[in-house]
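Asker: Handing you a structure now.
The values are calculated or read from the model by the stated rules, or taken from the named source; none is laboratory data. Remember, it's a predicted structure, so these values are computed and weren't measured experimentally. Here the Cβ positions follow ideal geometry from the backbone for every residue, glycine too, while neighbour counts run over all protein chains shown.
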Amino acid sequence: MLESLFTGTTTSAELTLTSALLTIFISIALGGIISLTYMKTNQAGYAQGFALTMVVLPVIVAIIILLIGSNIASAFSLAGAFSIIRFRSAPGDPKDITYVLFTMAAGLACGTEHFAYAVLFTLILCILMFVLNRYNFGARKTQVKTLKVTIPENLGYEEAFDEVFGKFGVPYELKKIRTTELGSLYELVYNVTLSERINQKEFLDEIRARNGNLDLSLTMSPTPEY
């Protein structure tokens with residue numbers, strides 16, 4: 001009995017209502033599990049539409065596999081029909097693409113009626129996603145950010161903040177210098193590498209003390225060079 005669950009049925013077998021309903025309901029359940037895993041591991045922000053898509057996608061893939069079966073003519077017809085589809089959404093996060101492949105694989109397994117394998121690999125991969133998210137796997141210990149500082153013209157920009165950078169152990173590179181306010185002020189643009197141990201508020205307060213509390217900003221990614 002257990003072996004038959006992993007063996008599945010051949011694609012040439014006649015499609016029945018019972019097998020179709022079983023395939024659909026198991027696909028929905030697996031899609032829901034994958035979608036919940038995605039939402040729990042992306043609490044910083046996720047699109048509702050994408051979460052809903054992951055519930056529906058395994059069902060669609062499974063239905064396509066059921067309808068095709070071993071019919072080569074149907075397979076080529078569906079390939080031609082899907083070739084006219086154009087995806088106009090912007091490229092997503094690589095992790096989102098992984099989840100799309102994940103849901104498609106679940107749908108394929110259900111469509112070929114390998115239900116036990118579908119449940120098995122879905123549970124294993126969902127647990128893996130939770131573990132990787134829990135330990136923040138692959139996260140960088142340092143971040144390169146863009147620091148823009150405005151200084152008065154009487155302050156030498158070449159070594160204006162060397163002491164502050166040295167005090168906090170911040171590697172930096174001066175990327176751009178330009179004048180503002182009709183030449184009365186300079187705007188300096190740095191790429192700075194900040195580690196987790198650095199208190200960013202104290203670091204910025206030191207910069208403000210040096211530039212006379214003029215404008216400054218710290219952005220999350222370095223300014224692209226053109």
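Asker: For the range 118-137, which positions are surrounded by fewer than 18 Cβ atoms within 10 Å (Cβ to Cβ) and of a type in the set (Ser, Thr, Tyr)?
Answerer: Residue satisfying the conditions is Tyr135 alone.
Asker: Go through the range 185-226 and count every residue that is aliphatic (A, V, I, L, M), under 12 Å from Thr146 (Cα atoms) and at pLDDT 85 or above.
Answerer: Here the count works out to 6.
Asker: Among the residues of the range 211-218, are any under 28 Å from the mean Cα position of the chain (by Cα) and closer than 30 Å to Lys40 by Cβ?
Answerer: no
Asker: Another question, if that's okay. Residues that are at pLDDT below 90, in contact with a helix residue (DSSP H, G or I) (Cβ under 8 Å, 6 or more places away or on another chain), part of a loop (DSSP other than H, G, I, E, B) and aliphatic (A, V, I, L, M): does the range 104-115 have at least one?
Answerer: Scanning the range 104-115 turns up no residue that is at pLDDT below 90, in contact with a helix residue (DSSP H, G or I) (Cβ under 8 Å, 6 or more places away or on another chain), part of a loop (DSSP other than H, G, I, E, B) and aliphatic (A, V, I, L, M).
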